[in-house]
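A.B. asks: Next up is a structure, given as structure tokens.
Here, each number is a calculation from the coordinates, and none is a lab measurement. A quick note: this is a predicted structure, and the numbers were derived from the prediction, not measured. Positions of Cβ are generated from backbone atoms using ideal geometry, with glycine treated the same way; all protein chains shown enter the neighbour counts.
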């Protein structure tokens, strides 16, 4: 599954920390990091956009997010595809992938949160080498519903490190399961079913485990996570390969003053606290993904998998109405695909999150 917080003092519903929902968003996006940002929906410390914060939603709170991620890939030339076909090498060319993901999370208790993500996935301009090298298959585009993923996040530590405001440490365990749902039998422009690796959903059931840590320092926070997904056998006995995701993110609250919010007094009356009509956060992240080679019918594909690290600066603006807008741009600093697998040119993320 794929879907994402930070607080520094005992939580009160009326003054939640911003990284609070960031954890829910990342939680829902384990395999396609694109599924997660529910951060910044209420006031507090800054949190990441792509990494998974260790905080959880307060008991009884819902958070939702809509996230779009566009990944631009380096296409193969016609000559590269023809040469690969002549050598009996099966390779593909793809121009870009686009995912639009709905995420939802619920605070079961102050330390445990459940989440779910449902993506719509599109892959553009798929072209394939043909054995013998005499031609190229123009397969076209494919799009459809991806697989539903369910997650749980358990905050095992929430500790004040000093008497200074916002000086806090949180640790969390994550576990999830991608279900056998979604569109997995789409056909190309020639009427032939796309290979499993290009289908919106793989047809496999994939468990995920992970760990996240967030250290807050007043207006700043540092988040690190590691998440491993075990790929199961899917359509046509294809294993798309395990995925190991690792992130490091530094976030900073640019705006001064607390976001305006409503506070309920013990006598039931209400008052408005805070002075800011909006808050701006800056996030600087390193987002890494290692993927194992694809295995079909017992044979590994040498032109699949690899390791990639993106440097991804981003911003988030939050409003008193419990919603936020976020955007991030990623450029590769490490890009080591296996064989003739694609290199990445850049990625862009944007979306909106809100809380109830």
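A.B. asks: Pull out the extension gain between residue 131 and residue 70, defined as 0.36 nm times the separation in residues minus the alpha carbon to alpha carbon distance; nm, one decimal.
C.D. replies: Working it through step by step, the gained length comes to 18.9 nm.
A.B. asks: Order these by the 10 Å Cβ neighbour count, fewest first: 159, 178. Please list the in-between numbers first.
C.D. replies: Numbers: 159 9, 178 29.
Starting with the residue having the fewest Cβ neighbours, the order is 159, 178.
A.B. asks: Would you mind computing, in nm to one decimal, how far apart the modelled labels at residue 171 and residue 109 are, each placed 7 Å from Cα along Cα→Cβ?
C.D. replies: The two pseudo-label positions are separated by 1.8 nm.
A.B. asks: Could you line up 114, 273 from fewest to most neighbouring Cβ atoms inside 10 Å? Could the numbers behind the result be given before it?
C.D. replies: On the way: 114 17, 273 13.
Ordered from fewest to most neighbouring Cβ atoms within 10 Å, 114, 273 come out as 273, 114.
A.B. asks: Based on the mean of other beta carbon atoms within 10 Å per residue, what is the order of 221-229, 51-59, most packed first?
C.D. replies: With the highest mean Cβ count within 10 Å placed first, the list reads 51-59, 221-229.
A.B. asks: What is the order of 350, 161, fewest Cβ neighbours within 10 Å to most? Kindly include the intermediate steps, with their values, before the conclusion.
C.D. replies: Values: 350 17, 161 13.
Result, fewest neighbours first: 161, 350.
A.B. asks: Identify which of the listed values of semi-axes √(5λ) of the Cα gyration tensor in Å was calculated from the structure shown: [x] 68, 23, 17; [y] 41, 18, 17; [z] 44, 23, 21.
C.D. replies: So the structure-derived entry is [y].
A.B. asks: On a full-extension model of 0.36 nm per residue, what is the gain between residue 143 and residue 83, subtracting their alpha-carbon distance, rounded to one decimal in nm?
C.D. replies: Result: 18.7 nm gained on full extension.
A.B. asks: I would also like to ask the following. So between residue 122 and residue 156, what do we pick up on full extension, going 0.36 nm a residue minus the alpha carbon distance?
C.D. replies: Between residue 122 and residue 156, full extension yields 8.5 nm more.
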